[in-house]
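Before any comments, here is the structure.
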Amino acid sequence: MSRVRARGEGSISKRKDGRYEIRLSLGIENGKRKRAFLYAKSRPEAVRLLAGARGQHKPGARSTQVSETVEHFLTRWLETDVAKTKRESTFRDYEQVCRAHLIPVIGKVRLSELTPEHVDMVVNHAAAAGLAPGTVRLVRTIFGAALNRAIRWRVPGVENVVRMTDPPKMRRREMKYLDREQARLFTEAVKGNRLEAFYLLALYCGLRLGELQALRWQDVDLEKGQLRIVNSYRYARLGLQEPKTDTSNRPITLPERVTAALRTHRLQQIVEQADTGEAGIPWLNEWGLVFTGEHGSPTARTTIHDGFKRLLREAGLPMIRFHDLRHTCATLRLAAGVAIKVVQEELGHARISTTMDLYAHVLPSSRQEAAEAMERLLG
């Protein structure tokens, strides 16, 4: 990596992504050395930036300090902090938000010149792009997290202007789920389907899509009718990952119908593996996954969603999301009188308040039943 230096006042380094990073010493303040970082697309531009920065920052001067742009800082923050402290899937989410919703709107603004109005610009841009309210809030939250890190790094002139604004209002999405009769019709519709056990696990046990995709045979005990959630899956390049929270790592007791479906599925998979081998095609299920796509590869989310929508149409059922099978599971269990603490643990929610907030539509009748029970006991 080539460098250009001038009497220790600053340096230019070519980065792996082809850009040039300018490091400028701002001297000593409160006993600590301070530096500024700038970025350029070419060496001549970097030389000009460094020369201009030196003119503003002569040795001993403590006047106007150069502040990098939002784009430059976000790139540095993603690479040096987020990539090293967050899960790779989280890093990808942060990177996507920065590239799509922060940099195009305020990327050229210097950190020291940010105002609350810039936050509103970002929020309005995200909303205009059609993002859900929760995702718009996430954009704002990530922006605030980046500015917090800039403050901790003592980047000159930075304030967390996100704190000076109000978060966008949230409209709770109407919960969609299948009622008891619709759920029964769904179980009839999936009979004989190659992924029957997959759908039944989602409906009977409330497993998340990523948990189903990552389920391995070594985590399933068909004799005891139990399994354990220890992994999640999202992207092929990330492989199997541990669940985000400790409570997501949990045991599941299987209803007999689900256990029977898994036994059938196991035999079906053995046949598929044999047929693939006879055709001279490698079997790709190196992780020992319970549910696979073609030739043993991990299941694809688009394939799951498309197959699920097709089943709903053919059965004449409401068009819900796959994740709504999880909501259906929780709703039917609570309506049947299962304790909310048990439902929380089975769903893998970190806090019982999450379960209560999501399924408040089921709880009023439970409270009425509790009041009637006390009336019977005490008169």
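The values are calculated or read from the model by the stated rules, or taken from the named source; none is laboratory data. Predicted, not measured: the structure shown is a model, and the values here were computed from it. Reconstructed Cβ throughout: ideal geometry from the backbone, glycine too, with neighbour counts over all protein chains shown. For accessibility, only protein heavy atoms count, side chains too; no ligands or nucleic acids. Shrake-Rupley method; radii C 1.70, N 1.55, O 1.52, S 1.80 Å.
Tabulated values for the structure
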read-out	value
Every pair of residues 6+ apart whose Cβ atoms lie under 7 Å, when the first sits in the stretch 80-96 and is in contact (Cβ under 8 Å) with a residue 40 or more places away in the chain while the second is among the aliphatic types (A, V, I, L, M)	Glu88/Leu238; Ser89/Leu238; Tyr94/Leu78; Tyr94/Val82; Tyr94/Ile142
Selection within the stretch 141-183 - in a loop (DSSP other than H, G, I, E, B), acidic (Asp, Glu), open to solvent by 90 Å² or more (accessible area, probe 1.4 Å) and within 27 Å of Arg326 (Cβ to Cβ)	Glu174
Pair list, Cβ < 9 Å and 6+ apart or interchain, from the stretch 344-355 residues that are open to solvent by 20 Å² or more (accessible area, probe 1.4 Å) to residues that are hydroxyl-bearing (Ser, Thr, Tyr) and at pLDDT 90 or above	Glu346/Thr253
Residue in the stretch 295-303 that is assigned to a loop (DSSP other than H, G, I, E, B), surrounded by fewer than 13 Cβ atoms within 10 Å (Cβ to Cβ) and of a type in the set (A, V, I, L, M) present	no
Elements of type helices (runs of 4 or more DSSP H) in the stretch 35-97, at least 1 residues being hydrophobic (A, V, I, L, M, F, W, C) and modelled with pLDDT of 80 or more	70-77, 88-97
Enumeration of residues in the stretch 116-140 that are loosely packed, with under 14 Cβ neighbours inside 10 Å and part of a loop (DSSP other than H, G, I, E, B)	Ala129, Gly130, Ala132
Single residue of the stretch 213-255 satisfying the filter (of a type in the set (Val, Ile, Thr), in contact (Cβ under 8 Å) with a residue 24 or more places away in the chain and over 16 Å from Arg326 (Cβ atoms)) that is surrounded by the fewest Cβ atoms within 10 Å (Cβ to Cβ)	Thr253
